[in-house]
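The values are calculated or read from the model by the stated rules, or taken from the named source; none is laboratory data. Given the structure is predicted, the values throughout are model-derived calculations rather than measurements. Because the Cβ atoms are built from the backbone with ideal geometry, glycine has one as well, and the counts that use them run over all protein chains shown. Surface accessibility is based on the protein's heavy atoms, side chains included, excluding ligands, DNA and RNA. Shrake-Rupley method; radii C 1.70, N 1.55, O 1.52, S 1.80 Å.
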Amino acid sequence: MQNVLLSEMTWPQLKERLTRHPVIFIPCGATEQHGPHLPLGVDVYLSTAMATKVATEIGGIVAPALAYGYKSMPRSGGGSFFPGTINLDGSTLSHMVRDIIREWSRHGVQKLCFFDGHFENQWFITEGIDLAVREIRNPALKVMRFEYWDFFTTQTLQQVFPSGDFSSIALEHAAVIETSLMLHFHPDLVRKELIPDNPSANPPPYDVFPADPKFTPKSGALITAAGASPLKGKIMADQAAADIATAMRKTFDAS
Ligand SMILES: [Zn+2]
C-alpha cells in the first residue's frame, strides 16, 4: 500500500506524488484533557487516523497535524482546569492555517483539506482559510474544511446509542464517540479500567468568564463513556470515512 504520510516521505518522493495533484490533508487537533482514561492527544490521534483512512482511499497525502488548538471551553471540552490542556489564541490558530495554505500554494498545490477533530477549532480554521483565499486570489485553489463527526448518519448514531441516549456532539467530549474511536484505532492508549460513568454535565446555555469549574464533571468526560466499544468505533470510522471520501471526490474531482 502506498504511504500517505508526508512526515515519512523524502522530498523526491513528494515531488513525484505532487505531479498527480493529490489532496493535501491537514488534521487539526488539540492538546487537551480527555478524561482519566484517554490521552491528551486524542484529537490529534483521531483526526490523523481518520484523515489517513480517507487519504488512503482517494490517493491523498496527510501532512503533519496541528497538535494545538483553540481554547477548550467548559461546555464542549471541559475548560482549562486540567493539567495538560494547552490552548492557542484564536488569531494564532487562524494565522497558522493561513500560513500553511500560503506555503502549499507556493509549492503549486491547489487541493487542501483541513480535517478537524477539535470542536473549538471550527471558526478559527474557517477564518485562516478565508484570509488565505482572499490573499492568494487563485481561482484554481480549493480548500475544504469540516469536523469529521458531522458525517455520522442518523443510522450510525442509532447503532452507537441503541437506547437513544445520544445527547449532543459538544457533550460527547471524552465520552462514547471518542472513546469508541480510540478503542478502534489505538486500543493500547485507552485505560479501559478507568472509563468514566459519570452523569451528564448540565451546563447552562451560556458562557461565563472567568469560567466556572462547576460546569465540568470532575472526571473531565462531559457525559458517560461507559457504552464505548471498538465495534462502535469501527462502525463510525468506516461510515464517516466512506462519506467523506465521496464528498471529497465531488469537491476536488479526485480519484
Ligand atoms: Zn476530543
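Brief remarks on what is shown
- Which listed residue is closer than 16 Å to Ser76 by Cβ and touching a residue at least 24 places away in the same chain (Cβ under 8 Å), from Ile177, Ile235: Ile177
- Listed by first and then second residue, the pairs with beta-carbon distance under 8 Å, at least 6 apart or on different chains, first residue in the stretch 128-140 and over 14 Å from Val109 (Cα atoms) and modelled with pLDDT of 95 or more, second outside any helix (DSSP H, G or I) and open to solvent by 80 Å² or more (accessible area, probe 1.4 Å), form an empty list.
- Residues located in the stretch 15-36, provided they are open to solvent by 30 Å² or more (accessible area, probe 1.4 Å) and either within 16 Å of the ligand (Cβ to nearest atom) or not charged (D, E, K, R) (or both): Leu18, Thr19, His21, Thr31, Pro36
- Test result for Ser7, part of a helix (DSSP H, G or I) and either touching a helix residue (DSSP H, G or I) at 6+ places or on another chain (Cβ under 9 Å) or over 19 Å from Gly90 (Cα atoms) (or both): yes
- If you filter the stretch 110-121 down to residues that are open to solvent by 10 Å² or more (accessible area, probe 1.4 Å) and either out of contact with any Lys or Arg (no Cβ under 8 Å at 6 or more places or on another chain) or more than 21 Å from Ala30 (Cβ to Cβ) (or both), you find that the one that is nearest to the ligand (Cβ to nearest atom) is Phe119.
- Among the candidates Lys214, Lys232, residue that is modelled with pLDDT under 95 and part of a helix (DSSP H, G or I): Lys214
- Scanning the stretch 37-55 for residues that are part of a helix (DSSP H, G or I) and more than 11 Å from the ligand (Cβ to nearest atom), we see that the one that is most open to solvent (accessible area, probe 1.4 Å) is Lys53.
- The selection criterion, being over 21 Å from His34 (Cβ atoms), open to solvent by less than 60 Å² (accessible area, probe 1.4 Å) and either away from the ligand (no atom under 14 Å from the Cβ) or at pLDDT below 95 (or both), holds for Val143.
- Restricted to the stretch 110-200, the set of helices (runs of 4 or more DSSP H) holding at least 2 residues that are under 29 Å from Ala63 (Cβ atoms) comprises 122-136, 176-185.
- Asp243 being in a loop (DSSP other than H, G, I, E, B) and either closer than 23 Å to Phe82 by Cβ or among the acidic types (Asp, Glu) (or both): no
- Unmet criterion (only one of (1) touching a strand residue (DSSP E or B) at 6+ places or on another chain (Cβ under 7 Å); (2) free of Cβ contacts under 8 Å to residues at least 40 places away in the same chain; (3) open to solvent by 10 Å² or more (accessible area, probe 1.4 Å); (4) not acidic (Asp, Glu)) for Arg102: (1)
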